[in-house]
Amino acid sequence: MKPNRVAVVRQAPRYDEAEVRESVRRAVAGLGISFRDLVEPGERVVLKPNFIRESHSERPGEWEQIITHGSVIAAVAEEVAAALDGRGTITIADAPQTDSDFDKICDLTGVRALGDRLQSETLRFEVFDLRREAWRTKDGVIVERRKLPEDPRGYTLVNLGERSFFHGKAGKFYGADYDSAFTQSHHTGGKHEYLISRSAMDADVFINLPKLKTHKKVGVTLSLKNLVGINGDKNYLPHFCLGTPDEGGDEFPDSTVRNKVQSKLVKALKGGPWWTPTVKKVGAKIFGDTGKVVRSGNWWGNDTTWRMTLDLNRALLEFDGTGKPRQKPLRYLTIIDGIIAGEGNGPMEADAKPCGVLVAGLHPVATDFVATRLMGFDWQKVASVREGFALAGFKPADVECEWGETYRFKPHFGWLGHIEA
């Protein structure tokens, strides 16, 4: 198996089940392998789709460009079931956005019905929501928190220490919740900790099924970024550094007095009794709407999220479920769903871009390197890809792929004019 080989397969930009099934087979064959080379009977195989949210944030009727399509998941699951010879476990798992509706995502993708069809006395089929907590939000403000069943296999606290891509980087890290002190406590004093799903880490084979899509904080959300969904508590994940650039932060793209005041106000108000939907609306009128104004690290100068992304990949690829270095390499496959891709203000407000393409590889960095170029972006301007080669063991020039025609994706507005090739 060659980790530096990537396959690009084209088809019509539609989710026809038979056509998708054939495209998945061609994509894996293009890597010089079959599913039987990857999977052995009796093993446990994890399929990790992109289940970030049940629909476009502002257009609830649209979802195909937001999450991995059920036909792609089904095609892969069927091939895995055949390779298992009816003996083993197939686990579909992800940790979506904390305020997302996991049940609705499962309904849209049909993964539970898929399990009913594939499961037998000797073939177990599981669907797990890996989040520990779900939120109900109103106008972007958390108004209710609900505990979830969590990963039934538990979680492993992995401390990357000096192996972390954050090693030597200072900053006031902000996570997914209002409690930035919690995030900071797990990324301080040479300690860099993540709470990783045991279902993911203990798998015999890990199959990553991301979406071909733009992203506000890292430029693209492909194989590497998709591993955010193996972490059980998103507040372990630094998303940006508080403050303006001259304060050591990447929350905003410039160091104006207006941005300094805004940063301090938000930090003081968030999570307290004064932080309400009404207050947030007033703030948006004064400082501008987040959908139009760059804040919260949603720009090309974010020097935080790419590090977190690569840390999660290092944790999965290099450590086992006990938090110790792997004794044998994880068998890994990624197939990026770009049949209906997402451009513009991704990941949750992306516009549909019909491309009719699957991108497959045996290493996330090689696959994302090709996919980023396919999107019409400069891979050297995407830090997760550029710096990700530190995980690869090969160089960009070593990547083998015939990708043909490229697409011109519109980037998130915070990346406009920077990321394009």
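Counting other Cβ atoms within 10 Å, which chymotrypsin sites (Phe, Trp or Tyr not before Pro) in the range 205-275 have at most 12 and lie in a DSSP loop? All intermediate terms of the calculation are to be shown ahead of the outcome.
Numbers: sites: F206, Y236, F240, W274, W275; in loops: W274, W275.
Answer in residue order: W274.
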Problem - Two-site FRET efficiency, D103 against D246, from Cβ-Cβ distance with R₀ of 60 Å, rounded to 0.05 - result: 0.85
Practice task
For the range 279-339, state the semi-axes of the equivalent ellipsoid (square roots of 5 times the eigenvalues of the alpha-carbon gyration tensor), sorted largest first and rounded to whole angstrom.
Solution key: 38, 16, 10
Handout entry: Rule-of-thumb Rg ratio for the range 174-267 [Cα; 2.2 N^0.38 Å; N residues]
Key = 1.29
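Could you tell me the convex hull volume per residue, in Å³, taken over the Cα atoms of the range 321-421?
Numbers: hull volume 13.6 nm³, N = 101.
Residue-normalised Cα hull volume stands at 134 Å³.
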Fill in the blank from the handout: Gyration tensor (Cα only) of the range 61-153 to equivalent ellipsoid, semi-axes in Å sorted down, yields 29, 16, 9
Handout entry: Debye log10 I(q)/I(0) at q = 0.09, 0.17, 0.20 Å⁻¹ for the range 117-249, Cα point scatterers
Key = -0.34, -1.14, -1.45
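For the range 131-272, with all protein chains present and a 1.4 Å probe, just round the carbon and sulfur fraction of the accessible area to a whole percent. Write down the numbers at each step before the final one.
Details: 2780 of 5550 Å².
Of all accessible area on the range 131-272, carbon and sulfur atoms account for 50 percent.
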Fill in the blank from the handout: For the range 224-234, Karplus-derived ³J(HN,Hα) couplings (6.51, -1.76, 1.60; θ = phi - 60°; whole Hz; x for glycine and proline) come out as 5, 5, 5, 6, 4, x, 9, 8, x, 10, 5
Practice task
On a 0 to 90° scale, report how tilted helix 305-318 is relative to the longest principal axis of the chain, with both axes built from alpha carbons and the result rounded to the nearest 10.
Solution key: 30 degrees
Exercise for the section: Any chance you could look up the accessible area of Y155 with a 1.4 Å probe, heavy atoms only, rounded to 10 Å²? Expected result: 40 Å²
Handout entry: Binned Cα-Cα distances of the range 54-93, short to long, each 5 Å bin given as a whole percent
Key = 5, 21, 20, 16, 13, 10, 8, 5, 1
Completion exercise
For K147, the lysines lying under 20 Å Cα to Cα, once residues fewer than eight places off in the same chain are dropped, come out as K104, K138, K234
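Report, to two decimal places, the Cα Rg of the range 18-78 normalised by 2.2 N^0.38 Å (N = number of residues). It would help to have the intermediate numbers written out before the result.
Details: Rg = 14.5 Å, N = 61, 2.2 N^0.38 = 10.5 Å.
Its radius of gyration relative to the 2.2 N^0.38 Å reference: 1.38.
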Exercise for the section: Calculate the length of the line joining the C-alpha centroid of the range 21-54 to that of the range 115-194, in whole Å. Expected result: 25 Å
Exercise for the section: Any chance you could check the Cα centroid distance between the range 366-421 and the range 203-241 for me, in angstrom? Expected result: 16 Å
Practice task
Specify the angular offset, from 0 to 90 degrees and rounded to the nearest 10, of the alpha carbon long axis of helix 257-269 from the longest principal axis of the alpha carbons in the chain.
Solution key: 70 degrees
Exercise for the section: Taking amide H positions as placed in the peptide plane 1.01 Å from N, state which residues far from E400 in sequence (5 or more) or on other chains have amide H under 5 Å from it. Expected result: R5, V6
Practice task
Report, ordered by chain and residue number, the aspartates and glutamates lying within cross-link reach of K264, taken as a straight Cα distance under 13 Å and ignoring same-chain residues fewer than 8 apart.
Solution key: E247, E251
Handout entry: Using alpha-carbon coordinates, inclination of helix 364-374 to the longest axis of the chain, degrees
Key = 80 degrees
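Sorted by average packing, counted as other Cβ atoms within 10 angstrom per residue and highest first, what order do 214-222, 37-45, 253-261 take? Show your work: numbers first, answer last.
Working: 214-222: 27.4, 37-45: 18.1, 253-261: 14.2.
Highest to lowest by the protection proxy: 214-222, 37-45, 253-261.
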Problem - Among S384, A74, G168 the positive-end extreme of the charge dipole of the chain (Cβ point charges) - result: G168
Completion exercise
If the label point sits 7 Å along Cα→Cβ of A284, residues of the range 348-368 with amide N under 19 Å come out as 348-351
Exercise for the section: Keeping the other protein chains in place, figure out the carbon and sulfur percent of the accessible area of the range 343-421, with a 1.4 Å probe. Expected result: 44 percent
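Within the chain, what percent of beta bridges assigned by DSSP are antiparallel, to the nearest 5? Intermediate results must be reported in sequence, preceding the final value.
On the way: 37 of 60 bridges.
Antiparallel bridges: around 60 percent, rounded to the nearest 5.
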Practice task
Evaluate the Debye formula for the range 1-103 with equal point scatterers sitting on the alpha carbons, no solvent, and hand back log10 of I(q)/I(0) at q = 0.22 Å⁻¹, in q order, two decimals.
Solution key: -1.23
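Per DSSP helix of 4 or more residues, -39500 (n - 2.57); summed, then divided by the residues of the chain. What does that give at 222 nm, rounded to the nearest 500? Write out the running numbers ahead of the final one.
Details: 12 runs with 110 residues, N = 421.
Computed ellipticity for the chain at 222 nm equals -7500 deg cm²/dmol.
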Exercise for the section: Quote the Stokes-Einstein diffusion coefficient, in whole µm² s⁻¹, for the chain, based on the Kirkwood radius over alpha carbon pairs, a temperature of 20 °C and a viscosity of 1.002 mPa s. Expected result: 99 µm²/s
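Would you mind calculating the relative contact order of the chain from Cα pairs under 8 angstrom and at least 6 residues apart, reporting the percent as a whole number?
Numbers: 934 pairs, mean separation 92.5, N = 421.
Computed over the chain, the figure is 22 percent.
Express the accessible area of the range 298-364 per residue in Å², computed with a 1.4 Å probe while the remaining protein chains stay in the model. Show your work: numbers first, answer last.
Values: 1880 Å² over 67 residues.
Counting only protein heavy atoms, the per-residue value for the range 298-364 is 28 Å².
The values are calculated or read from the model by the stated rules, or taken from the named source; none is laboratory data. Quick caveat, the model's predicted, so the values are computed rather than measured. Every residue, glycine as well, gets a Cβ built from its backbone with ideal geometry; the counts of neighbours run over all protein chains shown. Protein only, heavy atoms only, side chains kept; ligands, DNA and RNA dropped before computing areas. Shrake-Rupley method; radii C 1.70, N 1.55, O 1.52, S 1.80 Å.
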